[in-house]
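Inspection log for the structure reproduced underneath, given as structure tokens.
The values are calculated or read from the model by the stated rules, or taken from the named source; none is laboratory data. On a predicted model such as this, the values are computed, not experimentally measured, just so you know. Note: ideal-geometry Cβ built from the backbone for every residue, glycine included; neighbour counts use all protein chains shown.
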Amino acid sequence: MTVVFYAIGCSATKEPEIQKNYQLYLESQDPTAQTKLRDLIARFNTVAGFIALNYTDSDEGDVSRVHLATILDDGAAAGQGGGREKFQYEEQANRGDYLPVRMKTMELWFTFEAFFEYPVEENWLVFCHEIGHGLEMMHSANPKSIMYSGNYETKTAEWDIFFDRVRAYFSDDFQDWATYEQSHPGV
């Protein structure tokens, strides 16, 4: 979807700049949970091959939020996640004009059980699956996909395809998943 902002008194249109802010803030002061989230972020970035996610101790500004709960609202067994988008205008330094910006963040929820008690590889799969939702990925019909609903078969999961999609999402030429899937059928 393309959103066009019109500047008053100007015939030019400006496409909004997209800013992806995946500074993950954990809504818990539990040091064990904070360490676990930092470790998951580090592993994610290592496999992705670049810094896609960061941990932050501050809940100020447009941060992505990670919540832990006993039971999730939608009845999900392990986690739920999604992307958030906010439109805003940012003033350009020393220019007096404003540039439209689409700020993308994510909201993630994990059950205490999935976050603390699942075996390491199953916990990793749940984390990546929910991050995928935060990056606007939908469920897949492919049972080997990380984005398959309820997939806990870590031995058969298609990790390479998932992280190829992560790298695509962060690339400069990424538009949206529909466009990506047209040029990458069967992924």
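Restricting attention to region 145-177, the residues that are part of a helix (DSSP H, G or I) and either closer than 17 Å to ILE51 by Cβ or at pLDDT 90 or above (or both) add up to 12. Here ALA76 meets the list (1) modelled with pLDDT under 90; (2) assigned to a helix (DSSP H, G or I) almost entirely, failing just condition (2). Restricting region 155-171 to residues that are without any contact (Cβ under 8 Å) to a residue 24 or more places away in the chain and buried (at least 16 other Cβ atoms within 10 Å of the Cβ) leaves a set whose member that is farthest from SER140 (Cα to Cα) is ALA168.
Can you give me the number of residues within region 124-145 that are of a type in the set (S, T, N, Q) and out of contact with any strand residue (DSSP E or B) (no Cβ under 9 Å at 6 or more places or on another chain)?
1
Inspect all residues belonging to region 40-62 and state whether any of them is farther than 22 Å from ALA168 by Cα, in a strand (DSSP E or B), modelled with pLDDT under 90 and more than 17 Å from the chain's Cα centre (by Cα). No: region 40-62 contains no residue that is farther than 22 Å from ALA168 by Cα, in a strand (DSSP E or B), modelled with pLDDT under 90 and more than 17 Å from the chain's Cα centre (by Cα).
Given the criteria buried (at least 20 other Cβ atoms within 10 Å of the Cβ) and either in contact (Cβ under 8 Å) with a residue 12 or more places away in the chain or of a type in the set (Phe, Trp, Tyr) (or both), does PHE115 qualify? Reasoning before the result, please.
Values: buried (at least 20 other Cβ atoms within 10 Å of the Cβ): yes; either in contact (Cβ under 8 Å) with a residue 12 or more places away in the chain or of a type in the set (Phe, Trp, Tyr) (or both): yes.
Spelling it out, PHE115 is indeed buried (at least 20 other Cβ atoms within 10 Å of the Cβ) and either in contact (Cβ under 8 Å) with a residue 12 or more places away in the chain or of a type in the set (Phe, Trp, Tyr) (or both).
From the set of residues in region 1-17 that are at pLDDT 50 or above and surrounded by 13 or more Cβ atoms within 10 Å (Cβ to Cβ), which is farthest from VAL66 (Cα to Cα)? Break it down into steps so the answer makes sense when it comes.
Taking region 1-17 and keeping what is at pLDDT 50 or above, we get 13-17.
In the following step, the residues that additionally are surrounded by 13 or more Cβ atoms within 10 Å (Cβ to Cβ) were identified as 14, 16.
Values: LYS14: 33, PRO16: 27 Å.
Checking each candidate, the answer is LYS14.
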